[in-house]
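Before any comments, here is the structure.
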Protein chains: 2
Amino acid sequence: MIKTLPVGATIGILGGGQLGRMLAVAASRLGLRVHIFEPGANPPAGDVSHRVTTASYDDHAALTAFGRSVDVITYEFENIPTSALDLLETLAPIHPGRQALATSQDRLTEKTFLQGLGLQTAPFADVPDAIALGAAMDSIGAPAILKTRRMGYDGKGQARIMVAADATAAFADMQGAPAILEGFVNFSHEISIIGARGQDGSVACYDPGENVHQSGILRTTKVPANLTASQRTDAVLIAARVLNALDYVGVMGVELFVTSTGLIVNEFAPRVHNSGHWTQNGCHICQFEQHIRAIAGWPLGDGSRHADVTMENLIGDDMNKLVEYAKTDAAIHLYGKSDIKPGRKMGHVNRIVRT
Amino acid sequence: MIKTLPVGATIGILGGGQLGRMLAVAASRLGLRVHIFEPGANPPAGDVSHRVTTASYDDHAALTAFGRSVDVITYEFENIPTSALDLLETLAPIHPGRQALATSQDRLTEKTFLQGLGLQTAPFADVPDAIALGAAMDSIGAPAILKTRRMGYDGKGQARIMVAADATAAFADMQGAPAILEGFVNFSHEISIIGARGQDGSVACYDPGENVHQSGILRTTKVPANLTASQRTDAVLIAARVLNALDYVGVMGVELFVTSTGLIVNEFAPRVHNSGHWTQNGCHICQFEQHIRAIAGWPLGDGSRHADVTMENLIGDDMNKLVEYAKTDAAIHLYGKSDIKPGRKMGHVNRIVRT
């Protein structure tokens, strides 16, 4: 039976960054309160949440108090320690579920899972240790990318192998962590699709966006993406297959490479996604509210697109351009971070093209 | 010189109801924090604010601490005691300013001010006491409405006088409060215009909305309103005249009656307004963000309308209809109030018609 959270119920969010902040705002629209659990001080999400617990993920007393104070638990990043989840799942439902988290936390598990669904991925090989590296290089060839299986984000924990001789140095960069070797994919551009699945099993996807990265960090997403009608359909079918296979509840971001032989899945993130921020100004129900609706047992909302949008991240001293953006018709979304640091995501801007 | 509030600065809001709640959400988009001052416990705005002070308006120690903790002060309702404002204005700028507040707090001052600007109002007469009532009735005639000069909202503090013989009973209803007698206006419908003025003196208005009231409480607002092009222009000119005359900073709602002899000003509210809630889904910058932009010294945002919208208030047990709304493409905005009471504004719904 689906339990719809009533007005005044509390959503627990693991992580207090900008995704948690925008989830909290969306929760408020549905009359729900938010309790943030975050190890770092002054989390961006704390400004708009009913309650914040500042504690580490191995503080079991704090986790227990947090779990008891909330009606459902979600998260804004995927690298949550298993021990914390083991404890929390005894206290409140966790959405998206453990399987989605376990699968996406490990690149090897993720790619194996995706291939098992009949989806295309980059060629890959397991590199548990230095001995396996040679066989992996023989199988995949150069150029390739060596990545740690776990804890990678924004281009960290990765090393490119342009020629076979680079392999040993690349493996040393992994500092002994189990790794995966991925072959290069010859793609024309990257897109992502933001999909949602409700507790009733219904699936709704947003129009795919086209992403441009710089130094491993998302720079812009634009909708509509440059895609044929059948590629657009394929993207939706891929997202739906992943969502259904995981019996998923919530919003997921799936990154796809567009190639001459079809769409290749890069990875998925079991959470709201930077490449879905455009939905805040291009749709009547944004990805953040869609996620809250799903985990709170509401019907999924109408995510149809009413405008063309370009989302641009404000990274580091992009913040100096803010005054210029403020004079245009761009919609500005800041994260409340006072300290500007290189590579730090400070906010984003949605520029709307009326259609 | 215009001081633009930097990321991490704090806006103080007097009042913690739904307007404060939605202002707090808008402030977060601009990287600003909110501190709510509210006498009542568990205010709706508290769920999405960095800080809440629960204290009465005559608690000068609490007011002082509040005023010192914020960079600018605004309010979500107009009946703030003068003594509180006297204290607060020594600690931080208050926007909109004292003149706007003093004018709108008193129906007699407000109507006198509006007529002084050359704007049409209902005929009115001052009724300071029982003796003045007779002369006022002679001047205005029946039917008429007797209203307290101060502290009226949602139809409270008002009595209709259908025939002259009702006048004495109506005056008794005022319980000795100074009153104003207003003549009936023969209008076809009521509209309101939400205008904003920035610290640089720039003015921006939203498209006027058409309002329907029930039992003195706003029921629905729809845009576009039923107006001729010249009536639409008149509405903007009226709002601009009021904003400029008060050297206003922030968002204002102006209620207008549409009559065969032009637009008649009913009243203005020096704050974001229930009849402007449609802007959350019909515009890229809503009235709440527009208000925050103005008081924070930002340029005013683009308030152009991209859709036709009908806003419907969820009042009392309208909340029972929520599950039906959730299944449609309506955008839902709840205020986090758990207790359903007759006449209580629990939330609103914006239904979008794509244009």
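The values are calculated or read from the model by the stated rules, or taken from the named source; none is laboratory data. In this text, all values refer to a predicted model and were calculated from it rather than measured experimentally. So basically every Cβ, Gly included, is an ideal-geometry build from the backbone, and we count neighbours across all protein chains shown.
When residues in region A:232-283 are screened for being in a helix (DSSP H, G or I), over 27 Å from residue A:353 (Cβ atoms) and not aliphatic (A, V, I, L, M), 2 of them pass.
Would you check which residues across region A:68-86 are buried (at least 16 other Cβ atoms within 10 Å of the Cβ) and not in a loop (DSSP other than H, G, I, E, B) and list them? Steps first, answer last, please.
Of region A:68-86, the ones buried (at least 16 other Cβ atoms within 10 Å of the Cβ) are A:69-76, A:78, A:80, A:84-85.
Result: A:69, A:72, A:73, A:74, A:75, A:84, A:85.
The single condition among (1) at the interface with chain A (Cβ under 10 Å from one of its Cβ atoms); (2) out of contact with any Cys (no Cβ under 9 Å at 6 or more places or on another chain) that residue B:317 does not meet is (1).
The rows are residues; the columns are (1) closer than 23 Å to residue A:288 by Cα; (2) exposed (fewer than 12 other Cβ atoms within 10 Å of the Cβ); (3) touching a residue at least 40 places away in the same chain (Cβ under 8 Å).
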{"residue": "A:314", "(1), (2), (3)": "yes, no, no"}
{"residue": "A:318", "(1), (2), (3)": "no, no, no"}
{"residue": "A:322", "(1), (2), (3)": "no, no, no"}
{"residue": "A:325", "(1), (2), (3)": "no, no, no"}
{"residue": "A:332", "(1), (2), (3)": "yes, no, no"}
{"residue": "A:339", "(1), (2), (3)": "no, yes, no"}
{"residue": "A:342", "(1), (2), (3)": "no, yes, no"}
{"residue": "A:345", "(1), (2), (3)": "yes, no, yes"}
{"residue": "A:349", "(1), (2), (3)": "yes, no, no"}
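Against the list (1) modelled with pLDDT of 95 or more; (2) under 19 Å from residue A:124 (Cα atoms), the condition residue A:184 fails is (1).
Of the residues making up region B:130-145, those that are touching a residue at least 12 places away in the same chain (Cβ under 8 Å) and not small (Gly, Ala, Ser) are B:133, B:137, B:140, B:143, B:145.
Within region B:221-240, residues that are closer than 20 Å to residue B:278 by Cβ have Cβ atoms under 7 Å from residues that are surrounded by fewer than 16 Cβ atoms within 10 Å (Cβ to Cβ) in these pairs: B:226/B:189, counting only partners at least 6 apart in sequence or on another chain.
Could you check, for region A:60-79, whether at least one of its residues is within 14 Å of chain B (Cβ to nearest Cβ) and in contact with a helix residue (DSSP H, G or I) (Cβ under 8 Å, 6 or more places away or on another chain)? No, every residue in region A:60-79 fails to be within 14 Å of chain B (Cβ to nearest Cβ) and in contact with a helix residue (DSSP H, G or I) (Cβ under 8 Å, 6 or more places away or on another chain).
For the residues B:2, B:11, the requirement of being assigned to a loop (DSSP other than H, G, I, E, B), aliphatic (A, V, I, L, M) and in contact (Cβ under 8 Å) with a residue 60 or more places away in the chain singles out B:2.
Restricting attention to region B:88-146 and to residues that are modelled with pLDDT under 95 and in a loop (DSSP other than H, G, I, E, B), the residue that is surrounded by the fewest Cβ atoms within 10 Å (Cβ to Cβ) turns out to be B:129. Give the number of residues within region B:13-35 that are over 18 Å from the mean Cα position of the chain (by Cα) and farther than 20 Å from residue A:18 by Cβ. The total comes to 1.
Residues in region A:17-47 that are touching a residue at least 40 places away in the same chain (Cβ under 8 Å), outside any helix (DSSP H, G or I) and within 13 Å of chain B (Cβ to nearest Cβ) were compared, and the one that is surrounded by the most Cβ atoms within 10 Å (Cβ to Cβ) is A:32.
Being in a strand (DSSP E or B), of a type outside the set (S, T, N, Q) and closer than 26 Å to residue B:31 by Cα, is that true of even one residue in region A:49-67? Walk me through how you get there before you give the answer.
Kept after step one, since they are in a strand (DSSP E or B), are these residues of region A:49-67: A:51-54.
After this cut, where a residue has to be of a type outside the set (S, T, N, Q) as well, the list is A:51-52.
Subset that is closer than 26 Å to residue B:31 by Cα: A:51-52.
Scanning region A:49-67, I find at least one residue that is in a strand (DSSP E or B), of a type outside the set (S, T, N, Q) and closer than 26 Å to residue B:31 by Cα, so the answer is yes.
Looking only at residues in region A:333-355 that are within 10 Å of chain B (Cβ to nearest Cβ) and under 21 Å from the mean Cα position of the chain (by Cα), which one is nearest to residue A:222 (Cα to Cα)? So, considering only residues that are within 10 Å of chain B (Cβ to nearest Cβ) and under 21 Å from the mean Cα position of the chain (by Cα), the one nearest to residue A:222 (Cα to Cα) is A:350.
With respect to (1) among the β-branched types (Val, Ile, Thr); (2) within 14 Å of chain A (Cβ to nearest Cβ); (3) surrounded by fewer than 24 Cβ atoms within 10 Å (Cβ to Cβ), the lone exception for residue B:236 is condition (2). Close Cβ contacts (under 8 Å, 6 or more residues apart or on different chains) running from residues in region B:82-100 that are among the charged types (D, E, K, R) to residues that are part of a loop (DSSP other than H, G, I, E, B) comprise B:98/B:89. Could you count how many residues in region B:300-327 are assigned to a helix (DSSP H, G or I) and among the small types (Gly, Ala, Ser)? Residues flagged as assigned to a helix (DSSP H, G or I) and among the small types (Gly, Ala, Ser) within region B:300-327 amount to 2.
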